[in-house]
Amino acid sequence: MELKRSLLKEAADKHLITNDQADQLWDFLAEHRQDTPGFRFTHILYYLGGLIAIGAMTLFMTLGWESFGGWGLLLIALVYAAAGLWLTEFFLHRRALPIPAGITAAFVVALTPLAIYGLQVGMGWWSGGFEYRDYHRYIDWSWLFMELATLATGAAMLWRYRLPFLVMPVAVTLWYMSMDLAPFIAGEDYFSWELRKLVSLWFGLLIALFAFWVDIRNRSDRDFAFWLYLFGVVAFWGGLSLMSSDSEWNKFLYGCINLVMILIGAVLSRRVFVVFGGFGVAGYLGHLAYEVFEDSLLFPFALTFIGLAIIWLGILWQRHEERIAARLRGFLPTAMRDLILRRH
């Protein structure tokens, strides 16, 4: 439950705490929230500005930049990276602003593909048939050196600064690498959509499991797993949902997997599982309504009954949540129990 100032005032009115204590506690919480990412106007400005700057050197790079040549692009990337490092140090150590520091640090990591591309072109090593701006548009194995260097830079920056937003470019690069490795390994067979969907599914599952490992290992109040969960779930759910099957059992299994995703999201307090699992369940119910039970008069009544039964199950769970949750947590490993307690 989010603690609001009105709740503190109500507690003071009931003489649970004094008005001075309520004010001091609210000031302390407000100061703490400044370092916690949230949907606040200041943070929106931070991320909007940062993403525009990152996009300028990545997604929105124009062909005109090729006129600088390989060494020119490398020099520009290094100058921008030096400025980004200086801003990271300035925001983090002089202004105690970890969110802007994380954004400028991520900007440095996002410059790595441009620097490596410039180096390859300058040394005459670039054999790809694409320009740098195509890095974010086309799948090709020739991007792999750029991606490996980006992962190395991201790892070094994370070791140095321990800022959660640095995981974002690392997660994006892992996603890119999964797509670029497939044609490198499978050759022309990668242009099969079935293989692409399988790669997306298994890669997403691996990244989600990696995010879970990061979650368990994390002992700070900073969320280093968020971006890994996001890209992992998107890749897994996207590959799973795009798979075609004429078997109703497979479609039923798809619905069950999405229900499990909702359960996992509830246990781990990760909304991304719940959102995409909800989309999947809605899609499966739509399939039942419009194809399997298209002419059935009973299906809407049965679905209504199921919905009301789920609501009643929620009421029962709320009444006995602590006792049931404590018993279920007893079957879990210690690391898993600690993670659940931290997330809740």
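Rule-based calculations on the coordinates, nothing more; no lab input. This one's a predicted model, so the numbers in the text were calculated from it and none came from an experiment. We place every Cβ from the backbone using ideal geometry, glycine too, and count neighbours over all the protein chains shown.
Things to note:
- A Förster radius of 51 Å combined with the Cβ-Cβ distance from Glu131 to Leu7 puts the calculated FRET efficiency at roughly 0.35.
- Using a Förster distance of 30 Å, the FRET efficiency for Glu248-Leu316 (Cβ separation, nearest 0.05): 0.45
- Cut-off 16 Å (backbone N to label point 7 Å along Cα→Cβ of Leu45), residues of segment 84-128: 97-101
- Spin-label pair Val275-Ser296: with each label point 7 Å from Cα along the Cα-Cβ axis, the two points sit 3.1 nm from one another.
- Distance between the 7 Å Cα→Cβ label points at Trp213 and Glu89: 3.3 nm.
- Segment 39-191: translational diffusion in µm²/s, Stokes-Einstein, Kirkwood Rh over Cα pairs, 4 °C, 1.567 mPa s: 80 µm²/s
- Shown is the FRET efficiency for Val79 and Leu206, computed with R0 = 30 Å from the Cβ-Cβ distance and rounded to the nearest 0.05: 0.25.
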